[in-house]
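Before any comments, here is the structure.
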Amino acid sequence: MSILQTPGSDGRFGEFGGRYVPETLVPACQELEVAFEDAWNDPLFRADLDQLLREYAGRPSMITECHNLSEQLGIRLFLKREDLNHTGSHKINNVLGQVLLAKRMGKKRIVAETGAGQHGVASATAAALLGLECKVYMGEVDIARQELNVFRMRLLGAEVEGVTSGSRTLKDAVNEAMRDWVASVETTHYCLGSVMGPHPYPFMVRQFHRVIGDEAFEQMNDATGTSPDFVVACVGGGSNAMGIFSGFIDTPARLIGVEPAGGAAVSRGQPGVVHGMKSFLMQDEYGQVAEAHSISAGLDYPGVGPEHSYLASIGRAEYPTVTDDEVIAGFQLMSRSEGIIPALECAHAMAWISREAKNMQGKTVLMNLSGRGDKDVGQMMSILKDLT
Amino acid sequence: MTGRLEATLRTRIDGGGKCLVPYITGGYPGWVDAVRACAANGADAIEIGIPFSDPVMDGPVIQQASQIALEGGATPVSIFQEIRTLDIGIPLAVMCYYNTVFHAGHERFANDLVAAGVSAAIVPDLPLEEAGDWCVAADAAGIETVMLAAPTAPDNRLPLVAERARGFVYSVGLLGVTGERKELALTATILAARVKKITNKPVLIGVGVSNAAQAVEASRVADGVIMGASVVNRMMDGGSEAVGLFVAEVRGALDRASW
């Protein structure tokens, strides 16, 4: 039996998950659960989605063997190139699925939260393509550090609303998107951007992203004749990690989800409930949710998807942390060694691989390069002043 | 067994009156005086909000009050300590998000409420399907768990919600978060009528009931109202005096109306 779970109607992965939402949203979540199951099992829906992924998003994404880094680090390093997807990250996989589903459900409008702006851009893109109205909530701190993505979303016809409450980052953008959804649930689909939130989102979003892992499993087999020894991905909410882990969960590969030291839900959090789910959560002694601090807006999140909490609890995946300084070094290392500028989120995975390479000598390592770094160049210019 | 909150509301209803339950954000500067002002001016019960970092059911007013309370160092423990000293003679319900309960532990939280003299709890992000464990602990401790009925609930769901509710059924007045609105939403009385049809428990409308006229309009169908943002707004602008005047005005309007 696969370790990959299909949650029952209680939406649980072990003790984690569930559906902790205001009563107003319960029927909408139930409706979504049924609609997703129906669509997922409908060959016509799957064919439509596959066609979009192929002809619009550019799937399958290739794998790249990093010869220079491999030599430097004494490992055999492969990248799964989600950065080459349309809109520049893995986020498009989930968004095309959800927006297609929203349309099938007769919804006229989507709302989305975004941190770094990648999910917001992907949502705005899919909404433009499929003709739905789109509103994106984004913390004001993130708007300031990701102004290019804000402009992209507006260019694509989406409305972007700054969120001024709380830490003014991703967690508060989720709150505001949920508040919008409570008021607009009859016409609106909440296009949640990670493997988090109330059931069925963690399950549904993972299913939409497992194409990453399924492709990579075949590609690694073709390239090396076997599965990699390590599969490494960054984790904020954890969607790109769940996507690639899905393909290797039943292989002997060690699964490594790298969290930022300032947003380490699994290693520093305790079980808690926020944003509709029970999962590991950074919180204080009274259960107030802590504010995460990370150089990367996309990982600035105090919680984590419930399936990651489950995989951590059974010991199937590991969740180490890296510091912002290690991330900055990882960002430059990949850029200079391979000619690939990674998203700051993915630079977390690079940073871990670089730090731990001494313990992986001769091993095959597959890293999910979940997004490209163009969006981060402006922010990095102000950090790497000696280059300007 | 009927709990203290439900019994108190029933006394009002059986006497031909309508219930008024104001909401006050616990821990906000001057909140204890505001609670006393509510009690002194005709509230039947008072809902005390335990501020939470991520209040997804609350609009800007209660969000702001919560944030100020948290920045001032309010915790569930400090609020319970102050509640214990209140002695105002009417039942109290706390409104808190589920992580506050879960983090403390169900039994401990229920016992803390009892020790503080609180009768009931409203947990807006704990829907029926997730409420089981908490309800077991709450029932055992004698804490009444108020359940929310939403305008989106299909007919087959409402009886399950009403059946599980203790104290009263909280009939959500609109699709949206807490906050004042110019008009009472049409959905408010439509939903309350649906709930009244399937339960004998008191049915109170809350969320979007913003002034005395709207309270009267809502109470044409419901057994009374919960008033949150309008009360908290007055607390933030004018302190306990403004709260007292407002509660007295709504009480007067409810008492003068003929039902």
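The values are calculated or read from the model by the stated rules, or taken from the named source; none is laboratory data. Note that this is a predicted model, so its numbers are computed, not measured. Here the Cβ positions follow ideal geometry from the backbone for every residue, glycine too, while neighbour counts run over all protein chains shown. We work out accessible area using only protein heavy atoms, side chains counted, and drop any ligands, DNA or RNA first. Shrake-Rupley method; radii C 1.70, N 1.55, O 1.52, S 1.80 Å.
When each of A:V95, A:V111, A:V99 is tested for being hydrophobic (A, V, I, L, M, F, W, C), within 30 Å of A:E161 (Cβ to Cβ) and within 14 Å of another protein chain (Cβ to nearest Cβ), the lone residue that passes is A:V111. Scanning region A:263-284 for residues being more than 14 Å from chain B (Cβ to nearest Cβ) and under 17 Å from the mean Cα position of the chain (by Cα) gives a total of 3. Within region B:103-116, the set of residues being in contact (Cβ under 8 Å) with a residue 24 or more places away in the chain, buried (at least 19 other Cβ atoms within 10 Å of the Cβ) and over 20 Å from the mean Cα position of the chain (by Cα) comprises just one member, B:A104.
Does A:R19 satisfy the condition of being under 30 Å from A:G269 (Cα atoms), open to solvent by 10 Å² or more (accessible area, probe 1.4 Å), modelled with pLDDT of 95 or more and not in a loop (DSSP other than H, G, I, E, B)? Here the answer is yes, as A:R19 does meet what is asked.
Every condition in (1) touching a residue at least 40 places away in the same chain (Cβ under 8 Å); (2) out of contact with any Asp or Glu (no Cβ under 6 Å at 6 or more places or on another chain); (3) more than 11 Å from every other protein chain (Cβ to nearest Cβ) is met by B:D139 except one, and the failing one is (1). Among the residues making up region A:3-14, those that are touching a strand residue (DSSP E or B) at 6+ places or on another chain (Cβ under 7 Å) and open to solvent by 10 Å² or more (accessible area, probe 1.4 Å) are A:Q5, A:P7, A:D10, A:R12.
Has region A:199-209 got at least one residue that is within 12 Å of another protein chain (Cβ to nearest Cβ), surrounded by 24 or more Cβ atoms within 10 Å (Cβ to Cβ) and touching a residue at least 40 places away in the same chain (Cβ under 8 Å)? Scanning region A:199-209 turns up at least one residue that is within 12 Å of another protein chain (Cβ to nearest Cβ), surrounded by 24 or more Cβ atoms within 10 Å (Cβ to Cβ) and touching a residue at least 40 places away in the same chain (Cβ under 8 Å). When each of A:A173, A:A127, A:A144 is tested for being more than 25 Å from A:N368 (Cβ to Cβ) and open to solvent by less than 10 Å² (accessible area, probe 1.4 Å), the lone residue that passes is A:A127.
Suppose we keep only residues that are hydroxyl-bearing (S, T, Y) and open to solvent by 20 Å² or more (accessible area, probe 1.4 Å) within region A:256-309. Which one would you say is nearest to A:V195 (Cα to Cα)? Before the answer, list the steps.
Start the filter on region A:256-309 by keeping residues that are hydroxyl-bearing (S, T, Y), which leaves A:267, A:279, A:286, A:294, A:296, A:301, A:309.
So of that shortlist, the ones also open to solvent by 20 Å² or more (accessible area, probe 1.4 Å) come out as A:267, A:286.
Details: A:S267: 18, A:Y286: 26 Å.
Per the stated criteria, the residue is A:S267.
Exactly one residue out of B:D44, B:D33, B:D58 is in contact (Cβ under 8 Å) with a residue 60 or more places away in the chain and in a helix (DSSP H, G or I), and it is B:D33. The residue list B:T100, B:T152 contains one member that is buried (at least 16 other Cβ atoms within 10 Å of the Cβ), in a helix (DSSP H, G or I) and among the hydroxyl-bearing types (S, T, Y), which is B:T100. For the structure I just gave you, tell me whether B:I24 is under 17 Å from B:L113 (Cα atoms), free of Cβ contacts under 8 Å to residues at least 60 places away in the same chain and open to solvent by less than 10 Å² (accessible area, probe 1.4 Å). For B:I24, the condition - under 17 Å from B:L113 (Cα atoms), free of Cβ contacts under 8 Å to residues at least 60 places away in the same chain and open to solvent by less than 10 Å² (accessible area, probe 1.4 Å) - is not met.
Counting only strands (runs of 3 or more DSSP E) that sit completely within region A:269-388, those holding 1 or more residues that are touching a strand residue (DSSP E or B) at 6+ places or on another chain (Cβ under 7 Å) and free of Cβ contacts under 8 Å to residues at least 60 places away in the same chain correspond to A:270-274, A:276-281. Within the option set B:V94, B:V123, B:V101, being away from chain A (no Cβ under 11 Å), of a type in the set (V, I, T) and under 24 Å from A:H275 (Cβ atoms) holds for one residue only, B:V94. A count restricted to region B:54-84 and to residues that are closer than 20 Å to B:R108 by Cβ and either at the interface with chain A (Cβ under 10 Å from one of its Cβ atoms) or open to solvent by less than 50 Å² (accessible area, probe 1.4 Å) (or both) stands at 8. I'm checking my understanding of the structure. Among residues of region A:147-170 that are away from chain B (no Cβ under 11 Å) and assigned to a loop (DSSP other than H, G, I, E, B), which one is surrounded by the fewest Cβ atoms within 10 Å (Cβ to Cβ)? Across region A:147-170, the extreme among qualifying residues is A:G157.
Entry remark, region B:184-237: residues being over 18 Å from B:A257 (Cβ atoms), of a type outside the set (S, T, N, Q) and part of a loop (DSSP other than H, G, I, E, B) number 5 in total.
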